[in-house]
Amino acid sequence: MIDKVSLGNQSTGVPGLDTLLGGGLSEFSFNVIAGAPGTGKTTLAHQIMFALAGPQKKALF
């Protein structure tokens, strides 16, 4: 028997992006940020990392 697990969303730290994503990034998901050079991929990745990191949640970039 397979038990269903409800996964929550994690805020990206960017309210508009969270709205587009339906509440943020899904927990335990793997996300690829792609785009041309100079489009803000690294800045977005830093923003998400800083929004999700905390004393109990370590982050590495």
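Please treat every number below as a calculation from the coordinates, not as lab data. Just so we're clear, the structure is a prediction, and the values are computed from it rather than from any experiment. Positions of Cβ are backbone-derived with ideal geometry, glycine not excepted, and every protein chain shown enters the neighbour counts.
Here are a few things to note about the model shown:
- P(r) for segment 9-52, from all Cα pairs and a bin width of 5 Å, is 5, 23, 29, 29, 11, 2 %, short bins first.
- Long-range HN-HN contacts of S26 with modeled amide H, under 5 Å: Q10
- Neighbour net charge for Q10 - beta-carbon separation under 12 angstrom, K R +1, D E -1: -1
- From phi via Karplus (6.51, -1.76, 1.60), per-residue ³J(HN,Hα) for segment 16-22 in Hz, x at Gly/Pro: x, 5, 4, 5, 4, 8, x
- With a Förster radius of 30 Å applied to the beta-carbon distance between E27 and M1, the computed FRET efficiency rounds to 0.85.
- Given their separation in residues at 0.36 nm each and the Cα-Cα distance between them, L44 and F61 gain 4.9 nm when the chain is fully extended.
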